[in-house]
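J.: My questions will all concern the structure given below.
The values are calculated or read from the model by the stated rules, or taken from the named source; none is laboratory data. Everything quoted here is computed from the prediction, not taken from an experiment. Ideal geometry is used to build each Cβ from the backbone, glycine not excepted, and the neighbour counts take in all protein chains shown.
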């Protein structure tokens with residue numbers, strides 16, 4: 001018997017610093033990420049990756065990975081969660 005993988009997504013509202021954010025949880029995803037422009041806008045410290053690399057998302061689009069934001073506290077439904085983005 002064979003089956004095809006199916007992925008489910010959930011969306012939550014959260015808080016990052018003083019900003020309201022949308023958090024998407026996908027059961028097929030193994031990484032956390034944030035757009036570089038959003039990280040810069042929120043004043044989050046980006047540790048740049050050398051050499052620069054890319055990741056491929058579900059529709060086949062390649063997105064640049066500029067770096068990592070470490071140990072960021074987000075609040076989801078009154079729970080503090082610390083993640084690397």
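J.: Quick one: residue 22 ticks every box in (1) in a strand (DSSP E or B); (2) modelled with pLDDT of 85 or more; (3) surrounded by 11 or more Cβ atoms within 10 Å (Cβ to Cβ) except a single one, so which number is it?
T.: (3)
J.: If residue 67 meets every condition in (1) modelled with pLDDT of 90 or more; (2) assigned to a strand (DSSP E or B) apart from one, which number is that one?
T.: Result: residue 67 passes all but (1).
J.: Also, I was wondering about something else. Scan the stretch 30-57 for residues that are at negative phi, in a loop (DSSP other than H, G, I, E, B) and in contact (Cβ under 8 Å) with a residue 12 or more places away in the chain and report the count.
T.: 8
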